[in-house]
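Each remark here refers to the structure printed beneath this line.
The values are calculated or read from the model by the stated rules, or taken from the named source; none is laboratory data. Everything numeric in this text was worked out from a predicted model, so none of it was measured. Backbone-built Cβ (ideal geometry, glycine too); neighbour counts: all protein chains shown. Accessible surface is based on the protein model in full, side chains and every heavy atom, while ligands, DNA and RNA are left aside. Shrake-Rupley method; radii C 1.70, N 1.55, O 1.52, S 1.80 Å.
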Amino acid sequence: MPERIKKLIEQGENSKVELKQALFEFPSDAYETICAFLNSQGGTLILGVNDNSEIIGISPDCVNNIKSTFTSAMNNPNIINPTVCIELKEKNIENKIILYVNIPESSVVHRHNNKVFIRNDKSDVNVTNNNKIVSDLYRLKDTTYTENEIYPYLKITDLRKDLIQRVKKLAKLNNEQNDWAELDDEQFLKRTSLYRSDFVTGKQGITLAGILFFGTDEQIASVVPAFKFDLIKQVEDTERYDDRLTLRTNLLDCFDSAMKFISNNLPAPFYMDGTRRINLRENIFRELIANMLVHKEYIGGEPTRLVIGRNKIIAENTSKPYRIGYITPDNVTNHPKNPNIIKIFRGIGYVEELGSGISKIFKYCHEYAKYNPIIKDDTLFTFELKHNLFPVNTSSSYSQKTIFELGEQVSEKNEQVSEQVNQKNEQVSEQVSEKAYFEKTILEFCVEPKSLKEILIRTGYTSRYHFKNAVLNPLIDKGLIQLTQPESINSPTQKYITIIKNENNEE
């Protein structure tokens, strides 16, 4: 990523790059650029560089204040409306600090200070008073992004309130500065463009994206009857299947159920990424499944499929391609297919920027399967990963579950030996990082009550006793996790739920 930013700086300003000096504060005219990029084809805003591509840098004492100002502004509808979920990132180039943000093309029309801006070459143009351009812009967004389709006869009260609260809770857990939990349901839906008005037709109401997130299964089937996510395991029984799950439900439950299917059917070796000990399976398929859901073309007949074969994993998804061809970390573009669906997934921490997500998939797939994935975008998005994850003879008396458990035990033992060889300071860092990873995973997963067995499956932990004492009980002691039956600790129906507190330390 630093090399890409450096190349953009060297190329100078154009229709998709804006350079701004920001030695001590966030430049106020940069909001016009952000609005213009959102309304046009997206772009990159780089702070700490002048118009001649000279890297001036940002005062180190001002970096955090500039980031805080930016985050507050992106969540303030009086500055950017609708608000956006984008991140200002920090890089050191030539021993100077610069900040940059990748701004995607949005599926809705945005305003800054109630003015509409578009990008024209190197300029941000105010087109608010040009009715034709503004009308054409609204029409273009509506026809390009099917997630914007409005259903005026569906009321907010018809949606599932529990799912809305779940997203608000996850967003607060992911980012303490996120204020979705402080909004009522109507304000939240409007803020995230899941309830919108069409200024061309006069229609207003819940969008397709809003129904996909918060609708009942019946509502979803009514607006996208062909929507289906099939997950299949064909390892021992290649004629039919060993395991199968068909999902026709909201995107949140689709994601969670798909991850549970993956956890049940693929091994979870751990890997040292620098000083971090990570779960390869979780990192690969969390990113893949989330990206399949957020980039899917929902107005289409082909189902979403993920097939775990003996020597190959294949995934397919209907798509509206921005560029047809093979995707690699070197050529991936940050062009969202469903920006408002992505806004929610990013808000709750389920997906990263497209470029960084693809890079992570390639990196971890090679460590996981010893092969690079083959990813192609067309009207049908395809993912293929060769592997040797099931080398054991299927006639063995061991079940596949037992094989996974034995493999994890061997992997755990090897890691223990390796860790004993490492220096003491590295061991401490690994333990802290590993614990932080498990804590984040558990807190996200337990936004709704989960049993100990479900949590163990999700995290890939095999030792119930060690897990409770090293990870779960400390979260309970901190008040971050509560038991649903505190008066009966060992109840067979006991579950655990994440507790989110506000600034006043109230639940």
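Couple of notes before you dig in:
- Qualifying residue in segment 151-167 (condition: without any contact (Cβ under 8 Å) to a residue 60 or more places away in the chain, under 25 Å from Leu19 (Cβ atoms) and among the aliphatic types (A, V, I, L, M)): no
- Boolean, Gly42 is modelled with pLDDT of 90 or more and either of a type outside the set (A, V, I, L, M) or surrounded by fewer than 20 Cβ atoms within 10 Å (Cβ to Cβ) (or both): no
- Single unsatisfied condition, Leu443 versus (1) open to solvent by 40 Å² or more (accessible area, probe 1.4 Å); (2) at pLDDT 85 or above; (3) not β-branched (Val, Ile, Thr): (1)
- From Cys62, Cys35, residue being outside any loop (DSSP other than H, G, I, E, B), touching a residue at least 60 places away in the same chain (Cβ under 8 Å) and out of contact with any Gly (no Cβ under 6 Å at 6 or more places or on another chain): Cys35
- Among the residues of segment 57-71, just one is touching a Leu at 6+ places or on another chain (Cβ under 8 Å) and surrounded by fewer than 16 Cβ atoms within 10 Å (Cβ to Cβ), namely Ser59.
- Top-ranked residue in segment 1-51 [being touching a helix residue (DSSP H, G or I) at 6+ places or on another chain (Cβ under 8 Å) and of a type in the set (Asp, Glu); ranked as nearest to Ile118 (Cα to Cα)]: Glu18
- Residue within segment 413-430 that is modelled with pLDDT of 85 or more and loosely packed, with under 15 Cβ neighbours inside 10 Å present: no
- If the condition is being among the charged types (D, E, K, R) and under 20 Å from the mean Cα position of the chain (by Cα), then segment 91-109 contributes only Glu105.
- Unmet requirement for Thr33, which otherwise passes all of (1) modelled with pLDDT of 95 or more; (2) open to solvent by 40 Å² or more (accessible area, probe 1.4 Å): (2)
- Among the residues listed as Asn92, Asn52, the single one being open to solvent by 50 Å² or more (accessible area, probe 1.4 Å), assigned to a loop (DSSP other than H, G, I, E, B), modelled with pLDDT of 90 or more and of a type outside the set (Val, Ile, Thr): Asn52
- Complete set of residues in segment 114-144 that are open to solvent by less than 50 Å² (accessible area, probe 1.4 Å) and among the charged types (D, E, K, R): Arg119, Asp124, Lys141, Asp142
- Within segment 487-502, the set of residues being touching a Lys or Arg at 6+ places or on another chain (Cβ under 8 Å) and at pLDDT below 85 comprises just one member, Ile500.
- Subset of segment 192-218 [in a helix (DSSP H, G or I) and open to solvent by 30 Å² or more (accessible area, probe 1.4 Å)]: Asp217, Glu218
- Single residue of segment 220-239 satisfying the filter (of a type in the set (Val, Ile, Thr) and in contact with a Lys or Arg (Cβ under 6 Å, 6 or more places away or on another chain)) that is modelled with the highest pLDDT: Ile232
- Whether a residue is among the charged types (D, E, K, R) and open to solvent by 60 Å² or more (accessible area, probe 1.4 Å) was assessed, and Glu147 does not pass this test.
- Top-ranked residue of segment 228-249 - restricted to ones that are over 25 Å from Asn388 (Cα atoms) and part of a loop (DSSP other than H, G, I, E, B), ranked as most open to solvent (accessible area, probe 1.4 Å): Arg248
- Residue check, Arg286 modelled with pLDDT of 90 or more, closer than 22 Å to Ser257 by Cβ, in a helix (DSSP H, G or I) and open to solvent by less than 10 Å² (accessible area, probe 1.4 Å): no
- Residue list for segment 1-22, restricted to those being open to solvent by less than 80 Å² (accessible area, probe 1.4 Å) and not aliphatic (A, V, I, L, M): Pro2, Lys6, Gly12, Glu13, Asn14, Ser15, Lys16, Glu18, Lys20
- Taking the criterion of being open to solvent by 20 Å² or more (accessible area, probe 1.4 Å) and either under 19 Å from the mean Cα position of the chain (by Cα) or free of Cβ contacts under 8 Å to residues at least 24 places away in the same chain (or both), the residues of segment 292-304 that qualify are His295, Glu297.
- On inspection, Lys155 fails the criterion of being over 19 Å from Gly205 (Cα atoms) and not hydroxyl-bearing (Ser, Thr, Tyr).
- Residues in segment 165-185 that are part of a helix (DSSP H, G or I) and over 22 Å from Asn338 (Cβ atoms) were compared, and the one that is farthest from the chain's Cα centre (by Cα) is Glu182.
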